[in-house]
Each structure stands twice: as C-alpha cells, then as structure tokens.
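Report on the structure given below.
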Amino acid sequence: MARRSTKTPPEDDFEERILDIDVVDEMQRSYLEYAYSVIYSRALPDARDGLKPVQRRIIYQMNEMGLRPDRGYVKCARVVGEVMGKLHPHGDASIYDALVRMAQDFSQRVPLVDGHGNFGSLGNDDPPAAMRYTEARMAPTANLMTDSIDEDTVDFAPNYDGQEQEPVTLPAAFPNLLVNGASGIAVGMATNMPPHNLTEVVAAARHLIKHPGADLDTLMRFIPGPDLPTGGRIVGLSGIRDAYETGRGTFKIRATATIETVTARRKGIVVTELPFNVGPEKVVAKIKDLVGAKKLQGIADVKDLTDREHGLRLVIEVKNGFNPEAVLEQLYKLTPMEESFGINNVALVDGQPLTLGLKELLEVYVDHRFDVVRRRSEFRRGKRSDRLHLVEGLLVALVDIDEVIRLIRSSENSAQAKERLMAHFSLSEAQTQYILDTPLRRLTKFDRLELESERDRLTAEIAELTKVLESDAELRKLVSGELAAVAKKYGTDRRTVLLESAGAPVAAVPLEISDDPCRVLLSSTGLLARTERDEEFQPAGGKRGKHDVIVSAVPATTRGDVGVVTSAGRLLRVSVVDLPVLPEKAAPTLSGGAPVTEFVSLAEGERVLCLSTLDESSPGLALGTEQGVVKRVVPDFPGNKDEFEVITLKEGDRLVGATELRTGEEDLVFVTDDAQLLRYPAGQVRPQGRPAGGMAGIKLGAGAKVISFTAVDPGSDAVVLTVARAEGTLDGTTQSSAKLTPFDQYPRKGRATGGVRCQRFLRGEDGLAFAWAGPAPARACAADGSPADLPDPDPRRDGSGVALRKPITAVAGPA
C-alpha cells in the first residue's frame, strides 16, 4: 500500500496576518449589533401591525399554508416547523410560546390563533400541552391582519438565508397593537402595553381620521382606559392619563369579588375575575402562606371551583366573627388580588424604538392604513386597467371578426398574423396576443354582451379607485368605513370596570365584628337565626308565611353565646356569631335561618325546647317533665364547657317544657293530657343546682302525663290553647277540636296539686293532643311551619272546643 505524504508545506507558503484591534471598540461594536438585533428582530413590536417578528412570521406562514378559519386544524408542530425552517432562525420553543399566547383568550383581547387542545390556563397554572398534541388554525381576526397582502400593500424582505421572502409588516385591518397589547424585554429597554377594547379603539381611530388635530382628552372619550381580557377593575385613572400622554404610567387592577352566603353558617368572598395574568392557584397559594404565617386573619377555607363551564370561581370562606369587607381589603393589600400594571408604550417606528402616547400610536396605525389602502388601490387599478385593455382589444376584433379570421388564415405564421392584426386594427401587442389566444367559442354574440358588461364594470371600478387615489377625503372615508365594518363584526362589550378610586376606605372598618346587641330566635321548626332588631317580633297583623312561629327568643350579643335546652335535660352552648343574620327589614319569619342540628348534635328523638341567655344574674331556668316534675335551675354555666346537664331525669321521663324566667314572678303552668291545668307562682319552687332531679310539680291522675309546661306573666294578657284528640289515637296524631281561653279564667292552686279542668271533651274525644299557655296575641302553625288558624276566644274555663281545619303542632306569642 502506498504511503500518503504528510509533508508540511514550507513556511514561506503562509502569509502572517495579525490585526491590532482595540478591545473596547470591538466589545462596543459587537454589543451594539447584538442589542440592535434583539430590539429590531425579536423583542419589540412594530407600531404599524403591533406584532413582533416571530408573531408576524407565524401569522404569515399560516396564511401561506392555507390554514384559514374555514379549514381544518393542523398540528402546531407542523406550523412551528414551517416557521422555523423558512423564516425564524431561532428555537422551536420561542415560536410555540408565541403561537400559544396568540391563541389564549385570557392573554389577548382578540386572539389571532384558533387553538384546539390544551393551550394553558390563566396565570400559567396549567401549562399548555406540547406542540405535538395541540392543533391550530388562523382565527377570523388573523385574516384581517393578512387581508390584501398579495396586492402589493406591504414591502417584503429576504429571510435569514435569502431563499424566501417575508413581509416587513402586515396590512393589519384593525389596530392590533392597542387592542391586544404587547410585552417584551429588549436590551436597555422594554415594552408593556395593556389590551384595549376593539370597538373603542376603532372609534378613536375613526375620529382621528376625520379630525387629525384632535387632542388627547377628545380621544380618551372614546378610549377611557384599558379593557383587559380577564375583566377585573382598574382603580385610579390618573396613571392611565399619564400613560396616554407620555407613553409611561401605572394603574392598579383589582379582582372582581362579591360577598355572599356560601354556607348556611358562613359568609364568603367569591372571586369571579382576577387581575391580568394572575391565576387562581397563585392567589390560593399566597393566601395559605399568609394564613400559615398568621399575617392574614379571618380566613376559614379557600376553594377553587373554577371550571370550563362556569369560568373562574374562587370561594374564600370567612370565619364567623370577622368582617368580610375588612378581610377583602386585607386580601387586596396582601395577595395578588390587586396588582399594579406599568404601562411602557415602546414600539418600533421606521425601525427605531420610540415611546409613544395614545395619539401617536393611533397616528402611526392610521398612516399605515392610508399607505396600505393607497397601495392596494393602485394595485387593483393597475390590474383592472390591464384587463380593460385586453377586453377593449377583443371587442374591436369582434366588430369585424370575419376580417380577423381572414387575416389569420392568410398569414404564413403566428408572428405574421400578429403583425398584420396590430397594423390593421391599431392594437397593442398584448391585445393582439390575447385575441390569438382566445378560442373561437368565445366569439359568440352572447360573449360579446358579457365583454361589454365587463368593460363597463371595469371602467366604473377604475374610476372609483382613481377617485380614492386622487382624493385624500375619499381615502380617509374608505379607511374609516373599513374600520367601522371590522368593529361591527368583531367588537365586543367592555369587560374591565374603570373606577376613579377604590371608594370608601374599607381599612377603617374593624377586621372583627363588634360585639353589638342582637336577639337570637328559635322557630317551631327548629330554625335558628339572629337579628339586630331590639324590638320584639310581633305576630299580629300582616300576611303570614312559613316558620313565623317563634317559640323562643333571648337577648344576646354578636360575639356572645346562648344555650339551647333539649328534651333530654341537656343545655348546649351555641356561638351567636355562627348563626345566620336575618335581613334588617325581614318579616317576622325565620325562613332565612339554619337548622339547629347544624350547630348542636341531638340524639334520636331529642328535640330543642327553648333558648337560654347563660346570664348568671337571671332568675334561671324553669323545667317541667312528662311525669310532673318541676325544677328551677341556678344559673351556673362555666365558659370552658359546651354541654351541661340541667336536670337528672328519672328513667322513662323527659322534659316537655323549658323556659328562662325573666323576673322570677311568673306563674308556672302544667297541662296534662286528661285536660287538667295547674297554675302556681314560680316562687313556690326553690332553685336547685344543675345535678338535682327537681320536685313534684303536679299531681297526675291514673295514666295521665304532662303535655305542656310554660311560664306566664300573671299581669299580661295571656291565653290558654287546648286541642283535643280523637278517641283511640293515643299518639295524638289525629286532632279533633280546639279551645282558646283567657288565662285569667284559671285560678292559682298550690304546687303538686291536681289543678282544674280546662276543656270538656266531646263525643269521640278522650284526651288532649296539644296544649299551650302564653302571652297574646298568639299564632299557630302545622308541623311543616305553615300557618294554622286559631279558634275564637271562649271565656268558659271548662267548655268544649270547636272543630279544627288544620292540625296544630306549635303556638307562640310575641318573640
């Protein structure tokens, strides 16, 4: 095998070339080139079409690929590949990121790309899927950006390798820079422009077209401020005014939040709109961090209920005892629910980065549209003139078609035929060639009429285009009309609310609810609520509704406690602040209350009898049992316990009535199912401690039991209601007749005696199913809380009752 020569050439073959370069000059030159490349080719949008180069290349290439809105979707990877290979000499990640952003309706006010698949979520909490999974096509508004691009409306330049041509700018049939905004970081400068409402921007542009000298205040009547895709509220408009005047300014964006009753026991803050580019997960994480660090108080729970069907819904439950308005103000102050947006209107104008105010931005766009429409008109007029020239030549030939045919047939070749036709009919070369290329079937009488019609139409269109090109007023009118058509078709209502200020200083409201006086109410159906009213709920007069029989009411304070006494002899503590608040102007009904079982746990068959204030200065509780035992309980309820035993019941016994005495001078009233009523002063029952079992309250007949125990002020206008049961229904489910008697008809007797008869039974009646004694006027209800009528008063102490139309399960006087 021959050995390859590795002989080194002589040193004389090399020419030594050493250049002395100042490193400072080289670094400066290289850095400036890099900075210019970043500014011009990547980071800043063009003020004419509002697009960065990568965005412009995506839209243009999708248009070249035929991805119209009426065509099918294609994989985003295919679009990215086409853009990267032909126009954009950078990584695929930057191209796909730009494509994704143009498809997000929460990033752009008017999206330019119609995406199919997961294109991310607000705040990028859920990143978009990879480009091999997602699909895209042009949105209808992207057609507006490229409309008439093939009519010499914009300049084209070579791509990075000189093998393709790309537009320097797009025709942009709407002001994309103002409508969709822009953000980018270049070298030594940055841009951050908020989106605006399409209808408002077009209105301002049209006004500027008609009145070129319009001032900023006039333009701001059309564009009062940004209109963000995610809505929200802009607080403070002075920064917007500065930005529109100088190109720089700052404003605050607040989330849209309302205070609602999110559960039966709690109010909450419901957030439906967040600041621009802020996602719910970011807010939730910040709230949890602040709560964990004890920098934010009053938050019970945070739930993100956002979905595709209902949109954003962030529910922040507020602890009872805290003012929701004050908590909301803390959320605005400490979390991303209020964010600042710094406007920096930097864009490229003739290749130079400039900071532009609102009027300058509109002027650059309007001038661009004038140039686009002018060039388009010139292109269209040229095309129509060329066509008219051919049509006129063909019409000349049709006038003497026989001569045309003779000349062609007698010619030696096509070149001679062309020369003879041009000379005979005074035709141009283009007209002659068109005649020669026209098939004979186009030379009919009908085709001649079509050609004449086409000639007239082309002549009219050329005249119209000439008028536009020669008249500045016509050009302005045409541009304004096209903008109006875009706004009419694609315009939407404003989403962002503009506020001069945040309103009244909510920070002055205390975070915790003050300990104001209130009243706690218990309905016959077991509903609890509180009201800020000081007066009693009067049952007389007015239209009645469900749950309007209030069987117990006690005074309390908002941050205090009350007790509920049950038929099992237990007293359970309830926090007043946990109870729902009735509207201030509510009717005397507890329809807005919450079931007592939401606040206390009851055993099977156990029911709540009354409320207690837990006030040690009160005369205490009076209790009556089914077996005739009476007891007065000494108020002794330590604050470190939530449950107390107020009486030791005998086996098989239960409480049938309980009430908190107001003065200690009341009369205690027992009513038994064999129609005996016993009334005696409460002073005859000495107070006892909580564990005591009570003393004899009434002497019962054989087989009798107590069905009602109440306490009545002897000086009040009180009544006694008794309801007889039908014979053979020992459970009292079938009621027969009822009697309403003044309380003063019953005399006082001694404790532990048998009392007096309170109702005479009719035939078919064998006992009382229900009884009640209390202040008048009284109101009654059925088991479901619906109103029930009471009989007229009967002065007879032991008279018989009148037939009932509706069963009665509860009666109460003024609450």
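The values are calculated or read from the model by the stated rules, or taken from the named source; none is laboratory data. The structure presented is a predicted model; accordingly, all values stated were derived computationally and were not measured. Note: ideal-geometry Cβ built from the backbone for every residue, glycine included; neighbour counts use all protein chains shown.
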Checking the conditions here, which among Thr199, Thr191, Thr141, Thr218 is outside the structural domain of Tyr73 (by TED's automatic domain parsing), closer than 23 Å to Asp97 by Cα and of a type in the set (Val, Ile, Thr)?
Thr191
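Can you pull out every residue in the range 776-788 that is surrounded by 13 or more Cβ atoms within 10 Å (Cβ to Cβ) and in a loop (DSSP other than H, G, I, E, B)?
Listed by number, the residues that qualify are Ala776, Pro777, Ala778, Ala782, Gly785, Ser786.
Out of the range 734-763, which residues are small (Gly, Ala, Ser) and either surrounded by 15 or more Cβ atoms within 10 Å (Cβ to Cβ) or within 19 Å of Ile808 (Cα to Cα) (or both)? Before you say what the answer is, go through the steps one by one.
Filtering the range 734-763 down to residues small (Gly, Ala, Ser) leaves 736-738, 750, 752, 754-755.
Of everything in the range 734-763, those that are small (Gly, Ala, Ser) and either surrounded by 15 or more Cβ atoms within 10 Å (Cβ to Cβ) or within 19 Å of Ile808 (Cα to Cα) (or both) turn out to be Ser736, Ser737, Ala738, Ala752, Gly754, Gly755.
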Counted residues in the range 485-527 being among the hydrophobic types (A, V, I, L, M, F, W, C), surrounded by 15 or more Cβ atoms within 10 Å (Cβ to Cβ) and at pLDDT 95 or above come to 2
Note: among Pro793, Pro807, just one is surrounded by fewer than 16 Cβ atoms within 10 Å (Cβ to Cβ) and either within 51 Å of the chain's Cα centre (by Cα) or modelled with pLDDT of 90 or more (or both), namely Pro793
Can you find a residue in the range 256-264 that is free of Cβ contacts under 8 Å to residues at least 12 places away in the same chain and either surrounded by 19 or more Cβ atoms within 10 Å (Cβ to Cβ) or assigned to a strand (DSSP E or B) (or both)?
yes
Given the residues Ala300, Ala285, which is the only one that is more than 16 Å from the chain's Cα centre (by Cα), part of a strand (DSSP E or B) and among the aliphatic types (A, V, I, L, M)?
Ala300
Regarding Glu317, is this residue touching a Gly at 6+ places or on another chain (Cβ under 6 Å) and either closer than 23 Å to Val271 by Cβ or among the basic types (Lys, Arg) (or both)?
yes
Among the residues of the range 685-711, the number that are surrounded by 21 or more Cβ atoms within 10 Å (Cβ to Cβ) and within 58 Å of the chain's Cα centre (by Cα) is 6
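Looking at this structure, is Gly181 within 29 Å of the chain's Cα centre (by Cα), of a type in the set (Gly, Ala, Ser) and crowded, with 21+ Cβ neighbours inside 10 Å?
yes
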Hits in the range 715-733 (condition: surrounded by 14 or more Cβ atoms within 10 Å (Cβ to Cβ) and not polar (S, T, N, Q))
Ala718, Val719, Val720, Leu721, Val723, Ala724, Arg725, Ala726, Glu727, Gly732
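Of the residues Thr355, Thr306, which single one is touching a Leu at 6+ places or on another chain (Cβ under 8 Å) and hydroxyl-bearing (Ser, Thr, Tyr)? Even if it seems obvious, please write down each step before you answer.
Details: Thr355 fails: touching a Leu at 6+ places or on another chain (Cβ under 8 Å).
So the residue among Thr355, Thr306 that is touching a Leu at 6+ places or on another chain (Cβ under 8 Å) and hydroxyl-bearing (Ser, Thr, Tyr) is Thr306.
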Quick one: which residue in Glu360, Glu338, Glu317 is in contact with a strand residue (DSSP E or B) (Cβ under 9 Å, 6 or more places away or on another chain), among the acidic types (Asp, Glu), farther than 28 Å from Phe106 by Cβ and modelled with pLDDT of 90 or more?
Glu360
Ala769: under 25 Å from Gly628 (Cβ atoms), in a strand (DSSP E or B) and assigned by TED's automatic domain parsing to the domain that holds Arg686, yes or no?
yes
Taking only the range 274-314 into account, find how many residues are among the aliphatic types (A, V, I, L, M), touching a strand residue (DSSP E or B) at 6+ places or on another chain (Cβ under 9 Å) and within 17 Å of Leu122 (Cβ to Cβ).
9
Show me the strands (runs of 3 or more DSSP E) entirely contained within the range 610-708 in which 2 or more residues are in the same structural domain as Val564 (by TED's automatic domain parsing) and modelled with pLDDT of 95 or more.
621-625, 629-633, 655-660, 667-672, 676-681
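Wholly within the range 80-160, which strands (runs of 3 or more DSSP E) include no fewer than the required count, namely at least 1 residues that are touching a residue at least 24 places away in the same chain (Cβ under 8 Å) and closer than 14 Å to Val54 by Cα?
On the way: elements: 113-116, 135-138, 156-158.
Here the list reads 113-116.
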Return the residue satisfying two criteria in turn: it lies in the range 567-599 and is modelled with pLDDT of 90 or more and in a loop (DSSP other than H, G, I, E, B), and of such residues it is surrounded by the fewest Cβ atoms within 10 Å (Cβ to Cβ).
Ala568
